[in-house]
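Here's the structure we're looking at; comments come further down.
The values are calculated or read from the model by the stated rules, or taken from the named source; none is laboratory data. Since the structure is predicted, the reported quantities are computational estimates derived from the model, not experimental observations. We place every Cβ from the backbone using ideal geometry, glycine too, and count neighbours over all the protein chains shown. Accessible surface is based on the protein model in full, side chains and every heavy atom, while ligands, DNA and RNA are left aside. Shrake-Rupley method; radii C 1.70, N 1.55, O 1.52, S 1.80 Å.
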Amino acid sequence: MTDLRAPAGWVAAGEPGVPLEQLLAVVGSGALELDAAPGGLAAAVTGVAVLDVLDPGVRPRELLLAVGVDAGSAHAVDVLRRAGEAGAAGVVFGPDRPAAGAAALRAAARECGTAVLFRTAWCSWAQLVGVLRAGLAAAGAPPLPVARDLAPGDLDGLADAVAALAGGAVTIEDTESRVLAYSSTEENVDDIRRLTILGRRVPPGRVAAMREAGFFGALWGTDDVLYRRAQGEDPERLVCAVRAGGEVLGSIWVAAVAGRPLSPDASEVLRAAARTAAAHLLHHRTRRAGSRLAEDAARALLEGRGSPEVLAERAELPAGEPCAVLAVGAGSGVADADPARLQALLTLHCAAFGHRAVAVPAGGRLLVLVGSLDPDPRRADAQVTRLGESLADRLPATAGAPARVGLGDVVADLAGAVESRRSAELALRALTRAGGSRTVGRTADVADTVGMMQVVDALRDVALAPGTSVARLAASDERGGGRLVETLRAYLDHFGDVPAASRALAVHRNTLHYRLRRITEVSGLDLADPDARLLAQVELRLRDGGTGTG
């Protein structure tokens, strides 16, 4: 067995190694995809090994690359069980996922507690070895303190963080001198930086001159920061190579701005930034290959565009198996959180439950298209419920706000994804409108709220008779700055319970009684008349835009 263990000396999650979740976040979905993780995503990974038929031994906490093993064969199940007995972190199979063997493979994974992963079609075995070695090294690198909370691959955020600490203008480049990110420095910058940013690469003449002078050989051959003094209008510059696991990934440049010298500790900042940048560059490089294509294909499926069979292949979802959509959102923190971070979390979380999923941003919320559901409708429903509840529990810690998850109906195949999306979004709207403690549900779970929304939507274009009670109250509030409409809404929403309505309005009961008398005087509303109450409630919902107050 070929030994490709990562360097020792770093600790993560309380034991030597890098947590599987952290490694997958660094490597990105363009190279490796998780199928099942029965032992959890916190399992430590200490190295990578390629299966050798002449030396089939497996070391604990390693990822075993099962090169040449058909994932649908009995051999694959045997390899997985032996890996589990040895305490391996997981087994990686090739990109082909035969449906016939998937159940047996997942059952074996559950028995031995070993993760099952698949190499993507965009990444060869040779590339994956390098990517994983670099990923292990990058995931163990100490982060730049100011950049701890950056989402994987957020190179623009990293460039801004380095610029703030180093006191200059920053560019992050690949090994071909193409600009991957740059800091948002607003002051006047030198001509070289301006041309580099405009062309998204260092000007060819400049690259040729540096290559002829042997600059790149010196840069790629050292871990130290290289310094160049200011020359005329060309300001002083610092540069450091970014590498992981012995592989050069790119470089970070810092240039002085507006005649000001760089910070005294700019070199130390750049060294730390280069260690932090390795994980981001690696994630950026591997994620570009396949994730954008998969996301675009999933979006088309959710919108009912194109051939499901073709789109299923691009999204790497089984076209003929049951699927469902989860609509995630509601909390303001979910809408404001970094989409890339949430997409990665949602996809990984679904994969840990054994489901291939693609997350798609959609107007302040995320739609998660989940495949590989059980053929039995009841078990598939249970799987979707378990996924939704797990996400609702996990998201608040990431988004910093309560999250709600609308569960779409399970449909027979990807051709029905658009219908599942509609039911998921309707359930999410109803959960948001109803408020309360429920955070996960289907339309059937909030049927009364859904029904009310449908009634309000149907009445949206109905012209009510002029001078209704609510209309008169609204006119009175506008003239005198009163709160009669708000008071009536609280009173009706609490079914005439004065103490409860008073608490909701944060007023004394006597104040509420006074306002109720004013409501009767101003509008003529008879609160004892059921028709009058019903009309008032419907009109209040229409004025709320159908959202209500919950």
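With charges set only on the Cβ (+1 for Lys and Arg, -1 for Asp and Glu), what does the dipole of the chain come to about its Cα centre, in debye to the nearest 20?
In debye, rounded to 20, the chain gives about 740.
For the stretch 386-493, what class follows from the C-alpha gyration tensor (a ≥ b ≥ c being the square roots of its eigenvalues): rounded when a/c is under 1.5, otherwise prolate if a/b is larger than b/c, else oblate?
Oblate is the answer for the stretch 386-493, as a/c is 1.5 or above yet b/c matches or exceeds a/b.
Near the amide H of residue 154, under 5 Å away, which other amide H atoms are found, from residues 5 or more places off or on another chain, if H is placed in the peptide plane?
The list, which skips near neighbours in sequence, is empty: none.
Working from the alpha-carbon coordinates of the stretch 488-550, get Rg over Rh, Rh being the Kirkwood radius.
Rg divided by Rh gives 0.95.
In debye to the nearest 20, how big a dipole does the stretch 386-449 give about its Cα centre with +1 on each Lys and Arg Cβ and -1 on each Asp and Glu Cβ?
200 debye
Ignoring everything but the protein chains, give the 1.4 Å probe accessible area of residue 453 in square angstrom, nearest 10.
Here the residue's solvent-accessible area equals roughly 10 Å².
Limiting things to C-alpha atoms, what are the Rg and the maximum Cα-Cα separation (Dmax) for the stretch 335-454, in angstroms?
Spelled out, the Cα radius of gyration and Dmax of the stretch 335-454 are 13.6, 37 Å.
Tell me, what HN-Hα J-couplings in whole Hz come from the Karplus equation 6.51 cos²θ - 1.76 cosθ + 1.60 at θ = phi - 60° for each residue of the stretch 17-26, using x for Gly and Pro?
Karplus values, whole Hz, x for Gly and Pro: x, 10, x, 4, 4, 5, 4, 5, 5, 6.
Using θ = phi - 60° and the Karplus relation 6.51 cos²θ - 1.76 cosθ + 1.60, list the HN-Hα couplings for the stretch 467-476 in order, rounded to whole Hz, with x at every Gly or Pro.
Taking θ as phi minus 60°, the curve returns x, 5, 4, 5, 4, 5, 5, 4, 5, 5 Hz for the stretch 467-476.
Please compute P(r) over all alpha-carbon pairs of the chain, binned at 20 Å starting from zero, and give each bin as a whole-number percent.
Once binned at 20 Å, the Cα pair distances of the chain give 19, 40, 28, 12, 1.
How large is ³J(HN,Hα) for each residue in the stretch 304-316, as worked out from phi by the Karplus curve 6.51 cos²θ - 1.76 cosθ + 1.60 (θ = phi - 60°), to whole Hz, x for Gly and Pro?
Those phi angles translate into x, 10, x, 7, x, 5, 5, 5, 4, 5, 5, 7, 6 Hz.
Grab the other residues whose beta carbon is less than 9 angstrom from that of residue 36, score K and R as +1, D and E as -1, and report the net.
+1
Is the C-alpha gyration tensor of the stretch 196-328 telling us rounded, prolate or oblate? Criteria: a/c under 1.5 is rounded; beyond that, a/b larger than b/c is prolate, otherwise oblate.
prolate
Report, largest value first, the span of the C-alpha coordinates of the stretch 458-528 along each principal axis, in whole Å.
Sorted largest first, the three principal extents are 36, 28, 21 Å.
From the alpha carbon gyration tensor of the stretch 358-411, can you work out the equivalent ellipsoid semi-axes (sqrt of 5 times each eigenvalue) and give them in Å, largest to smallest?
22, 13, 8
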